Every structure is written in structure tokens, then in C-alpha cells.
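**Q** Take a look at the following structure, please.
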Amino acid sequence: MNRVILIKYGELTTKKGNRNFFVGLLYKSIENKLKNYDVKIYKDLSRMYIEFDENDLDKILERINKVFGIHEYLVAYKVNTNEEEIKSKVIEIVKEEKFNSFKVETKRSYKEFPFKSLDFSRQVGGLILKNIDDIHVDVHNPDLTVNIEIRKDFTYIYTNYYYGLGGYPNNTLGKGLLMLSGGIDSPVAAYLAIKRGVHIEAIYFEAIPHTSINARNKVIELCKKLSIYTSSIKLHIVPFTEIQEAIYKTADQDYVITIMRRMMYRIAERMAKRRKCLAIVNGESIGQVASQTLTSMKVINSVTNYPVVRPVACLDKLEIMEIARKIDTYNISILPYEDCCTVFVPKHPVINPKLSLCLEMEERFDYQELIDKTLKNIKTITITEDDKKEFEDLL
């Protein structure tokens, strides 16, 4: 049987004059995801069609399920737009199915086909009743729905479909720099940003020997998981030790985290500009920790006028954890290796910091010189989902 994978765009069809741009990027995303398979991909403004080797079907569907910009995808039988061919194929298909109730839904985009959609559905439904015993029509809650899409050259018939990830294709809206900590929240924030068409580069702050190589490797593994949804992820590793030690020595203990986050934002902004990123992305969730109260966020954010996107800001922890499990980052994130956001956490961090006190404490050391030095020593690696490199040259 001649089958094709049919891709439905969903939200992309609302883009009117820009639809070609969005569909073109989705085409490139699917082409890249399936580059190791023998496929042919065709597109128009409302559908995409993939011819495939039947032996690869399950693997291809698994990879398509990781592409943003797809509303639905399905495997359809492709026949000539001819009344008898369509009916014959429908009977052939339903004889392979197990069901007690069914309905037929016809969409006729080719208006020269001699029957209207509802009339043809009734004809096909009657034919099914004649050929299959002990079944009945149920238009509200059927066991089986036979979908018929009639187009000019070909007609597509299918009984099952799958929901895609939705959103926009990767890199539709430019790059964002993700502040990736290694915890549960920031990988989820990355996933949600990627879903909206943001291509992610990541920045990770480490403070060796206070943080371990295991903590870095944890972040690398998270990038591998996230790169499933992109072609690759660049990870910028920031040597934050000197800055963090200077803060710990000079700042009031309850302000250590606040000052540290302000330094991170300064560095992130510089890197975002260097890498031509249009925004900073992070996993801050309102009220979750001391540095994420609205007062803290306002004081910390005051060091930059760069756009800061917080995809999980209004999600609670259980919602974030649910997404983390869905994208398979949760078990990595909970590995017990501290990052520099947790290694120096005071017993009672300030939850309503004052900007004037932050500015006073920052005058106690030459943070600008340390930031300049740190920026010169950032190391960048490119990570893909099947990367086997150990990145030993970073040790």
C-alpha cells in the first residue's frame, strides 16, 4: 500500500503573508531531523508530505515528534482522486481494523469532485456497513474515524493521527541566551523558549573547585537532551570562581546571592551581545526562592536593559517538574552536584533587597575588572544529542 506521512501545521496557518517563511523553516527542521533516512519531503501552504521507507516508519515518527511547529501528523494511504479507488481503499483499510462503531469524515478541497463532503461520507459509510458485520455508525464517540481528504491529484485516507509539539519551528524568532544552572527549572525554560521559535545558546557559571566537574557534566547532559529539539546547542562555560569568592568576602552574607545574580546578569548581557542573541532566557519562577521574589527580581534585573524572558515565571514547582519529566531532563537535574547558585547559599538570604545596599557592597571590589577577565576566559563547546565527546580539553 502506498503510504505517506502527512504533516498539519496548525498555528503556522495563521501567519498569512508570512506563512511561506514559517513553513520553509519547518521544512528545514524536518529535513535536518530526517537527514539519515531515505525520505522525500514535499510541501504546500497547508500540508507537508513525506514519502518514506516502511522499515523506518517507527523511527521517523519518533523523530518527527521532536520537531516544533507541527500541530498533527499521521500516516495516510495515498490514492488517485477517483471515486472507485477511494472506496476500494477504504474497505481495504477498515478490514484491517477492529471496531464496533465508526464514522466517516470527508474534506473536499478539490471542488470539482462530483460529490459534496457530507454526501460522500454517507456513501462510504453505507459501503462500510455492507462489507463489515456487527458494526454501527456513531458520529459522536466512534471507535474508528475514517478520514478522507480529497485533493485534485490525490486523496489521502487515514484512521489515526498524533498531536505534534505545536509552537514555531526552531530559530523562527532569533537567538536567546539561556542561563542554565543544572537545576530543574532552567532546562524547562529552554524547552518552552525553543517551542516559541527561539534558538537557544546556553551560558553556565561554574566555580571550580567549589563546584565539581560532575556539575559541569550534568549541564552538558542537559544540553544533549535539549538539543533533541534543535540541531545543536552552544554552551558557554563561565569561570566564575574569582567573582564569587570576591562577593563572599566583601558582601553582607544575606546579600551574597543577590550580588552574585547581578554579576551573572552583567556577564550574560555581555555574552548575549557578543553572540547576537536578542534576549536572555532563564528559569526564574516567581517566589520560588529568595532571589525570585518580585522585589529581588527587580533589584537583580536593574543591571541590564536587555530583554529577559522567563518562560516558567508563573508555573508552580509541580508543573515545572511535570514538564521536566516529559522532556527527560528531570533525572539529570536532580543529580546531587551543586552549582554556584547553591554552593554558597546563606542560611537567611534577603528576600526584599535594597538597591542602594547592593550598589554600596559592589563598590567594595573591582567587579568590572573581574568581569572583563572572566569574559576573556569563557570556553565554548557545541553539543548535539548524540555527542560522545567527553570535552576533556576543558579540564
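Quick note: the coordinates plus some simple rules give every number you see, no bench work behind them. Please read these numbers as outputs of a predicted model, since none were measured by experiment. Using ideal geometry, Cβ is built from the backbone for each residue, glycine included, and neighbour counts are taken over all protein chains shown.
**Q** Nearest-5 percent of antiparallel DSSP beta bridges in the chain?
**A** The antiparallel fraction comes to roughly 55 percent.
**Q** While we're here: Defining a contact as two alpha carbons under 8 Å apart and six or more residues distant in sequence, what relative contact order in percent does the range 3-166 show? Kindly include the intermediate steps, with their values, before the conclusion.
**A** Values: 271 pairs, mean separation 47.1, N = 164.
This gives 29 percent for the range 3-166.
**Q** On a 0 to 90 degree scale, rounded to 10, what angle separates helix 367-376 from the longest Cα axis of the chain?
**A** In the chain, helix 367-376 runs at an angle near 50 degrees to the longest axis.
**Q** If I fit a long axis through the Cα atoms of helix 256-274 and take the longest principal axis of the Cα atoms of the chain, what angle between them do I get, 0 to 90°, rounded to 10?
**A** Long axis of 256-274 versus the principal axis of the chain: about 60 degrees.
**Q** Note down the relative contact order for the chain as a percent, whole number, built from C-alpha pairs under 8 angstrom at least six residues apart.
**A** Across the chain, relative contact order equals 17 percent.
**Q** Using R₀ = 45 Å, calculate the FRET efficiency as 1/(1 + (r/R₀)^6) where r is the Cβ-Cβ separation of Glu85 and Lys276; round to 0.05.
**A** 0.25
**Q** From the alpha carbon gyration tensor of the range 222-337, can you work out the equivalent ellipsoid semi-axes (sqrt of 5 times each eigenvalue) and give them in Å, largest to smallest?
**A** 25, 19, 16
**Q** Considering only DSSP beta bridges where both residues belong to the range 175-394, give the percentage that are antiparallel (nearest 5).
**A** 25
**Q** With labels modelled as points extended 7 Å from the Cα through the Cβ direction, what inter-label distance (nm, one decimal) is found for Glu54 paired with Ser232?
**A** 3.8
**Q** Which far-off residues, 5 or more places away or on another chain, put their amide H under 5 Å from the one on Val281, with H placed in the peptide plane?
**A** Leu177, Leu178, Met179, Val309
**Q** Under a Cβ-Cβ cut-off of 10 Å, what is the net charge of the residues other than Tyr337 that fall near it, where Lys and Arg count +1 and Asp and Glu count -1?
**A** So the surrounding residues net to 0.
**Q** Let me ask something additional. Between Glu360 and Thr380, with labels modelled 7 Å along Cα→Cβ, what's the label distance in nm to one decimal, could you check?
**A** 4.0
**Q** Let's test the formula: R0 of 41 Å, r as the Cβ-Cβ distance of Ser212 and Phe99. What FRET efficiency results, to the nearest 0.05?
**A** Details: r = 56 Å, r/R0 = 1.38.
Given R0 = 41 Å and the Cβ-Cβ separation, E is 0.15.
**Q** If we count every other residue with Cβ under 12 angstrom of Leu315's Cβ, Lys/Arg +1 and Asp/Glu -1, where does the sum land?
**A** -3
**Q** How far is helix 83-94 tilted off the main Cα axis of the chain, in degrees rounded to 10, range 0 to 90?
**A** Relative to the chain, helix 83-94 is tipped by roughly 60 degrees.
**Q** Let me know the Rg and Dmax you get for the range 175-394 when you use only its Cα atoms, in Å.
**A** Cα-based Rg and Dmax for the range 175-394 come out at 16.3, 48 Å.
**Q** Using label points projected 7 Å from each Cα along Cα→Cβ, tell me how many nm separate Lys28 and Asp372, to one decimal.
**A** Spacing of the two 7 Å Cα→Cβ label points: 3.8 nm.
**Q** Along the charge dipole of the chain, pointing to its positive end and built from +1/-1 on Cβ of Lys, Arg, Asp and Glu, which listed residue (Gly287, Leu177, Gln253) has its Cα farthest out?
**A** Leu177
**Q** Can you pick out the pairs among Lys326/Lys347; Lys43/Lys273; Lys276/Lys373 whose Cα atoms lie more than 24 Å from each other? List each step's numbers first, then the result.
**A** Details: Lys326/Lys347 33 Å; Lys43/Lys273 36 Å; Lys276/Lys373 21 Å.
Violating the 24 Å limit, Cα to Cα: Lys326/Lys347; Lys43/Lys273.
**Q** Under 17 Å between alpha carbons, and skipping anything fewer than 8 positions from Lys59 in its own chain: which lysines qualify?
**A** Once the sequence-local lysines are set aside, what remains near Lys59 is Lys33, Lys35, Lys40.
**Q** Among bridges DSSP assigns within the range 3-166, what percent are antiparallel (round to 5)?
**A** On the way: 25 of 34 bridges.
Percentage antiparallel, nearest 5: 75.
**Q** Any idea what the relative contact order of the range 175-394 is, in percent, if you count C-alpha pairs under 8 Å spaced at least 6 apart?
**A** 35
**Q** Could you list the square roots of 5 times each eigenvalue of the Cα gyration tensor of the chain, that is, the equivalent ellipsoid semi-axes, sorted largest first and rounded to whole Å?
**A** They are 53, 20, 18 Å, listed largest first.
**Q** Moving on. Calculate, in nm to one decimal, what Val39 and Leu129 gain on full extension: separation in residues at 0.36 nm each, minus their alpha carbon distance.
**A** 28.7 nm
**Q** Based solely on C-alpha atoms, express the radius of gyration and the Dmax of the range 3-166 in angstrom.
**A** 16.7, 50
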